[in-house]
Ligand code: ADP
Ligand code: MG
């Protein structure tokens, strides 16, 4: 069994603190949902976990099975077993899905030659159109197709922990069911641990959470069982002292290149 442990995590952009002390522990096979209004810091949490450049970590720790990840470049975090399905997956002209997955396999000591068959199998399993497999990564994909593509990569790579940043956004009802069923299956088939960030409880009908957390203004203000998601659907976030989403502060530009190595 593996453990993803986040403790006392404080992080922000420039002077602005966005995450104000996050504690979360996810075990293999568990699904934790993180719900919260716009601007509460959900994507910041996802980015900081995976090591996106541009964020400043002020305190805390993120580890997988005791290995500290903060300070490691993104690819090392991936090797440690962490996977991020991005809210807005990046288009990568000139690089095929196949090539990206083969590199990833090679980097983790697995056989490149297994990728083709795994991709075919996963595409069939979730109902991802085969024609899309030959396009450059995400280029000209619809929002929903990008989320399918993230799910397919998750299925092929078999990480230990997946952080899903609004994997449900952009998916129609059938696609949402296919994606959430596939991820739910991974929690039992390969003991995947999931941190599912979402606004809506709908995805949690198939991807059944063990624990639901409410994130508000950079803090986890409530945690409970699946019934908490149902309750939020009824009451909104107001019961947790959340006003209407705060206006965006002046934007600090993040680095253009999401693959830049901040630790180089
Ligand atoms: P969520 O994903 O929960 O909607 P985010 O993590 O994207 O929220 O944003 C959390 C807060 O940080 C928001 O107030 C947002 O305006 C702010 N923020 C996010 N990115 C930037 C940035 N590049 N510059 C300044 N503020 C930012
Ligand atoms: Mg977000």
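The values are calculated or read from the model by the stated rules, or taken from the named source; none is laboratory data. These numbers were taken from a predicted model, which means no experiment stands behind them. Don't worry about glycine lacking a Cβ; one is built from the backbone with ideal geometry, like all the others, and counts go over all protein chains shown.
So which residues in segment 49-74 are under 24 Å from residue 89 (Cβ atoms) and part of a strand (DSSP E or B)? Walk me through how you get there before you give the answer.
Filtering segment 49-74 for residues under 24 Å from residue 89 (Cβ atoms) gives 49-55, 57, 62, 64, 69-70, 72-74.
Answer for segment 49-74, where residues must be under 24 Å from residue 89 (Cβ atoms) and part of a strand (DSSP E or B): 57, 62, 64.
Just to be sure I understand, how many residues within segment 136-162 are in contact with a helix residue (DSSP H, G or I) (Cβ under 8 Å, 6 or more places away or on another chain) and either closer than 14 Å to residue 179 by Cβ or assigned to a loop (DSSP other than H, G, I, E, B) (or both)? Spell out the reasoning first.
Quick first cut of segment 136-162, residues in contact with a helix residue (DSSP H, G or I) (Cβ under 8 Å, 6 or more places away or on another chain) only: 137-138, 141, 144-145, 147-149, 151-159, 162.
Filter once more, so that each one left must be either closer than 14 Å to residue 179 by Cβ or assigned to a loop (DSSP other than H, G, I, E, B) (or both): 138, 141, 144-145, 147-149, 151-155, 158-159, 162.
Within segment 136-162, residues that are in contact with a helix residue (DSSP H, G or I) (Cβ under 8 Å, 6 or more places away or on another chain) and either closer than 14 Å to residue 179 by Cβ or assigned to a loop (DSSP other than H, G, I, E, B) (or both) number 15.
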- For segment 137-150, does any single residue satisfy the condition of being free of Cβ contacts under 8 Å to residues at least 40 places away in the same chain, closer than 21 Å to residue 47 by Cβ and surrounded by fewer than 20 Cβ atoms within 10 Å (Cβ to Cβ)? yes
- Query: In segment 179-202, what count of residues is obtained for those that are more than 14 Å from the chain's Cα centre (by Cα) and at pLDDT below 95?
  - Reply: 3
- Specify which of the listed residues (164, 171, 154, 176) is in contact (Cβ under 8 Å) with a residue 40 or more places away in the chain, crowded, with 21+ Cβ neighbours inside 10 Å and away from ligand 1 (no atom under 16 Å from the Cβ). 154
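Among the candidates 145, 150, 122, 140, single out the residue that is under 24 Å from residue 93 (Cβ atoms) and within 16 Å of ligand 2 (Cβ to nearest atom).
Numbers: 145 fails: within 16 Å of ligand 2 (Cβ to nearest atom); 122 fails: within 16 Å of ligand 2 (Cβ to nearest atom); 140 fails: within 16 Å of ligand 2 (Cβ to nearest atom).
One residue alone meets the criteria, 150.
Say whether the condition of being part of a strand (DSSP E or B), under 30 Å from residue 10 (Cβ atoms), within 16 Å of ligand 2 (Cβ to nearest atom) and in contact (Cβ under 8 Å) with a residue 24 or more places away in the chain is met by at least one residue in segment 90-108. Steps first, please.
Within segment 90-108, the first condition is being part of a strand (DSSP E or B), and the residues that meet it are 92-96.
Filter again for under 30 Å from residue 10 (Cβ atoms), leaving none.
Scanning segment 90-108, I find no residue that is part of a strand (DSSP E or B), under 30 Å from residue 10 (Cβ atoms), within 16 Å of ligand 2 (Cβ to nearest atom) and in contact (Cβ under 8 Å) with a residue 24 or more places away in the chain, so the answer is no.
Does any residue of segment 32-48 turn out to be more than 15 Å from ligand 2 (Cβ to nearest atom), in a loop (DSSP other than H, G, I, E, B) and closer than 30 Å to residue 239 by Cβ? So that I can check it myself, show each step before the final result.
Step one: filter segment 32-48 for residues more than 15 Å from ligand 2 (Cβ to nearest atom), giving 32.
Now restrict to residues that are in a loop (DSSP other than H, G, I, E, B): none.
For segment 32-48, residues more than 15 Å from ligand 2 (Cβ to nearest atom), in a loop (DSSP other than H, G, I, E, B) and closer than 30 Å to residue 239 by Cβ: absent.
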- Query: Just checking, which of 7, 27 is surrounded by fewer than 21 Cβ atoms within 10 Å (Cβ to Cβ) and within 21 Å of residue 180 (Cα to Cα)?
  - Reply: 27
- Which residue pairs have Cβ atoms closer than 6 Å, lie 6 or more positions apart in sequence or on different chains, and pair a first residue in segment 50-63 that is in contact (Cβ under 8 Å) with a residue 60 or more places away in the chain and under 21 Å from residue 164 (Cα atoms) with a second residue that is in a loop (DSSP other than H, G, I, E, B) and within 16 Å of ligand 2 (Cβ to nearest atom)? 54/254
- Here is a list of conditions, (1) surrounded by fewer than 19 Cβ atoms within 10 Å (Cβ to Cβ); (2) on the phi < 0 side of the Ramachandran plot; (3) in contact with a helix residue (DSSP H, G or I) (Cβ under 6 Å, 6 or more places away or on another chain), and residue 127 meets all of them except one; can you say which number that is? (2)
